[in-house]
Amino acid sequence: VTEIDPSVPSRARRGDEQAFLEIVEFYYPRCLRFARNMMGNEQDAEEAVQDAFVRVHDSFPRFREDARFDPWLFRILANRCRTLLSRAKRHRSLIEYGEVPLAVASAAAPIEVDDDFGADWAEEVRIVLDTLPPEQKEAFLLRHVEDLSYEDIAAITGAGLSALRMRVKRACDTLRIRLAEVEQRNGT
Amino acid sequence: MELERDETIERAVQALAVMPPRDAQAVSRVMAAVRANGVSRAPRPSRLALVLEWVRQPSLSVASAGALAAAALVLGFFSRGAFGKAGAETGTRSALEGQPTGEYPVPAGAIIPASNSNEVRAVPVPLVFEARNAKTVVVVGDFNGWDESKTPMVRYGTDGPWTATVLAKPGRHVYAFLVDGTTLVADPRAPRAKDLDYGGDASVLMVTPP
């Protein structure tokens, strides 16, 4: 089950705190997965998810009851991720263990991975993912990891369908090339 | 499968699609933040309400309240009534004319408590504490006068973490959790306080202005 019973957001919209708790319990793991993939580190991801739920709670009176909850939630979450990403890009200067800051990740540069760290496939994928332009990364994650339709992604991002298809295609092309390099280097 | 989703992309998607486990503490933190946000957005009392509350204080005698009310009436009369037209004619405007609608105007300088304009406002801070076997947990700290009755924590579910939201002014605060009314425990998530005067473990809370 990827979508919550529509009666739950309706109850939460009317101020039922138990219903809001059900929403947080239901969506937290999925929201954290998206935010973690977008932000590249756990702390920022948790901050983005928490902020998103606070905003959802604040904005519930404006949520149309006949609308689907998932795209609305992910629109708010994606906005928070974008805001925090741009803030991180401006302010982050320290490289934490295991992370590649976006500021130094060049789209054209080959990926350097220190084998001593023993990075596994998932880490390699995340490092490569972080080299994508944010809008491509966002479209790729929403389409292929969160399994949303292009119509839903258009509602979330505000971008047109053809632009989104192009972003996803370019993301896939770049990932394919760079992950092939990684596999070649690792001899897999 | 879509055209662009070949074996490499499929493997990448599988790596990225691993779902984080359910996390009761994280959910609890979110709910605490939501509640704290509700506190910070609570409507501020109107000036009239502040005046009425001040007048109702037990320390204020009926006679002095009456005198203040009379003074307010006189000031109100002068500022809005008797010289209103004269002010308009000379091009001056009463400061009260700029008041937003929906509130009763209050005579300037009369009886508004001195606190509201420049007072540093307290910030809601959510706290989470794990104590599975505890029957009660209370937050005590300098922000609530170390009063054991002021900030009881609420348990998330039947055996989840304890949560509470405290209101603390920007600055450095010292606090602790009082478990079952007897044991003072420092917050394992926060730096330990060294200059404690309460007689037990405690933590430091740094609150930044909103």
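Once amide H atoms are built 1.01 Å from N in the peptide plane, which residues 5 or more positions from residue B:136, or in another chain, come under 5 Å H to H?
B:180
Given H placed 1.01 Å from N in the peptide plane, which residues other than close sequence neighbours of residue B:205 have an amide H under 5 Å from its amide H?
For residue B:205, whose amide H was placed from the backbone, the distant partners under 5 Å are B:173, B:174, B:175.
Express in nm, to one decimal, how much length is gained between residue A:63 and residue A:184 on full extension, taking 0.36 nm for each residue of separation and deducting their alpha carbon distance.
Full-extension gain reported as 38.7 nm.
For residue B:17 and residue B:142, compute 0.36 nm times the residue count separating them, minus their Cα-Cα distance, and round to one decimal in nm.
40.5 nm
May I ask for the accessible area buried between chains B and A, both sides summed, probe 1.4 Å, to the nearest 100 Å²?
The buried area between B and A, both sides summed, comes to about 3000 Å².
How much net charge surrounds residue A:8 when only the other residues with a Cβ under 14 Å from the Cβ of residue A:8 are counted, with Lys and Arg +1 and Asp and Glu -1?
-4
Treating the beta-carbon of each Lys and Arg as +1 and of each Asp and Glu as -1, no other charges, what is the dipole magnitude of the range A:1-64 about its Cα centre, to the nearest 20 debye?
Magnitude of the dipole: close to 360 debye.
The values are calculated or read from the model by the stated rules, or taken from the named source; none is laboratory data. As the structure is a prediction and not an experimental result, all values here were calculated from the model. A quick note on method: Cβ atoms are made from the backbone with ideal geometry, for glycine too, and the neighbour counts reach across all protein chains shown. Heads up: the accessible areas ignore ligands, DNA and RNA and are worked out on the full protein's heavy atoms, side chains in. Shrake-Rupley method; radii C 1.70, N 1.55, O 1.52, S 1.80 Å.
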